[in-house]
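All remarks here apply to the structure that follows.
The values are calculated or read from the model by the stated rules, or taken from the named source; none is laboratory data. These figures come from a predicted structure and were not determined experimentally. Note: ideal-geometry Cβ built from the backbone for every residue, glycine included; neighbour counts use all protein chains shown.
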């Protein structure tokens, strides 16, 4: 990813993250975007050049199909998938699996021995994919609305 792509992606990613947090019941709609922007600022303090972070464009036959944000820890901790996206117009063709498989290969080549991720409970398509790919639940957060 280059700076221009990062500048285009980041606001869209923050908006999506805020919306996902609202849908999950983790933050109120009126605070979601400010909260999400703060989280991204903490995770990517030097933007595209933040240490350990790898923001990659997924391509197929020279066409951009999506994006993958990985973090590779120094030491004996899992690599982590912060963000994965496939262009909505071409979803359902196995490209999410291909992007994830390429990400797994990438982190392995960079010394990782395992990989983790977070998936929202309401994202059934992603959960099904990760289950099929062999990801296992390592912890679980639960919420109950009281209103």
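Annotations for the structure displayed:
- Looking only at the range 109-132, and only at residues there that are part of a loop (DSSP other than H, G, I, E, B) and in contact with a helix residue (DSSP H, G or I) (Cβ under 6 Å, 6 or more places away or on another chain), the one that is farthest from residue 70 (Cα to Cα): 122
- Some residue of the range 8-18 being loosely packed, with under 13 Cβ neighbours inside 10 Å and part of a loop (DSSP other than H, G, I, E, B): no
- Annotation: residue 58 fulfils all but one of (1) assigned by TED's automatic domain parsing to the domain that holds residue 77; (2) surrounded by fewer than 13 Cβ atoms within 10 Å (Cβ to Cβ); (3) at pLDDT 90 or above; the unmet one is (2).
- Criterion (more than 24 Å from residue 128 (Cβ to Cβ), exposed (fewer than 14 other Cβ atoms within 10 Å of the Cβ), modelled with pLDDT of 90 or more and out of contact with any strand residue (DSSP E or B) (no Cβ under 6 Å at 6 or more places or on another chain)) met by exactly one of 41, 37, 74, 32: 41
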